[in-house]
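Enquirer: Please read through the structure below; I'll follow up with questions.
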Amino acid sequence: MNTAVMSGRHRKGRRFLPVALTAAAAVLATTLAACQSDGASVVTPASAIPSASAAPTTPVTPSRAPLRAADFALDAGPETSRYSMEPDPDQGENSILGGPVADCLHLTQADLGPVATDHANGPVFTDDEVGTNIRSFASVFASVDTVAAHRGLVRDDLFPGCWGKALVDETDSDDFAATLTHTQTATPPPGATDRIQIELDTYSDGQEIMMYCDMVIIFTGRVETAIFVVNPFEPIDEATLTSLTSQVEHKVAQQ
């Protein structure tokens, strides 16, 4: 399919489709971030309380505060000022390696490793006039080794196709349908570790709309953050994607 031709044809009708665009982008963005991990929750054991006779004779250096996943999700700032913002109604734990994607890649729980010690979904940012929808989620793990292993898994050659297939399968309904037209890895913005691009021909409210999905991945240290951007007619511009990434990358670098 000639996506350039499709984009131009749809762009002509842009001003007449704000409801359809917003609905389509929201469906896709929600699905992108909705591969729920199946891992059991982690309960941190309480520290044993020493008796008075066992009290240390030398000062104990306080441990660092635990990392909070919410500190590493995309949030309000100059980069997001052009968009409306609201809390993500879904605060369930998300993983880009969970659910149907893990099945497609034939991953076991042993491959995925320990579950996150904390997770958070960032606010939803939207541009109702254009139809852009932006979401993010962050997870913290006990070990840098787990994050490094996940970084290797998302670089599997099958990963982009598995994500595209999962997205199409999960969005199919009476009111919304999508046809996968292209998936690829792409050069990530500065500060990101990986980037996946997905293109779909969608059908919503009786309209056919070309949608472009960017997934920017920042897996560094003990933190995993993913930013999902869904944009109609054409990919989000690189300057916008770079500024969104920069906000998150600076946070992750402070862990």
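We did not get these values from a lab; they are worked out from the coordinates using the rules stated. On a predicted model such as this, the values are computed, not experimentally measured, just so you know. Virtual Cβ from ideal backbone geometry, glycine too; neighbours counted across all protein chains shown.
Enquirer: With Cβ to Cβ distances under 15 Å as the rule, what net charge do the other residues near Ala148 carry (K, R +1; D, E -1)?
Expert: -2
Enquirer: Label points 7 Å out from Cα along the Cβ direction at Asp174 and Ala149: separation in nm?
Expert: 4.4 nm
Enquirer: Between Ser243 and Thr185, what is 0.36 nm times their sequence separation minus the Cα-Cα distance? Round to one decimal in nm.
Expert: 18.9 nm
Enquirer: With only alpha-carbon atoms in the gyration tensor, what are the semi-axes of the equivalent ellipsoid for the stretch 63-167, in Å, largest first?
Expert: 26, 20, 11
Enquirer: May I ask for the Kirkwood hydrodynamic radius of the stretch 174-255, worked out over all distinct Cα pairs and given in angstroms to one decimal?
Expert: On the way: mean 1/r = 0.0729 Å⁻¹.
13.7 Å is the Kirkwood radius here.
Enquirer: Right, here's the next one. Report D for the stretch 117-198 in µm² per second (integer): Stokes-Einstein, Kirkwood Rh on Cα pairs, 10 °C, 1.306 mPa s.
Expert: 104 µm²/s
Enquirer: What is the gain in length, in nm to one decimal, between Ser84 and Asp156 on full extension, counting 0.36 nm per residue of separation less the C-alpha to C-alpha distance?
Expert: Additional length available on full extension: 22.4 nm.
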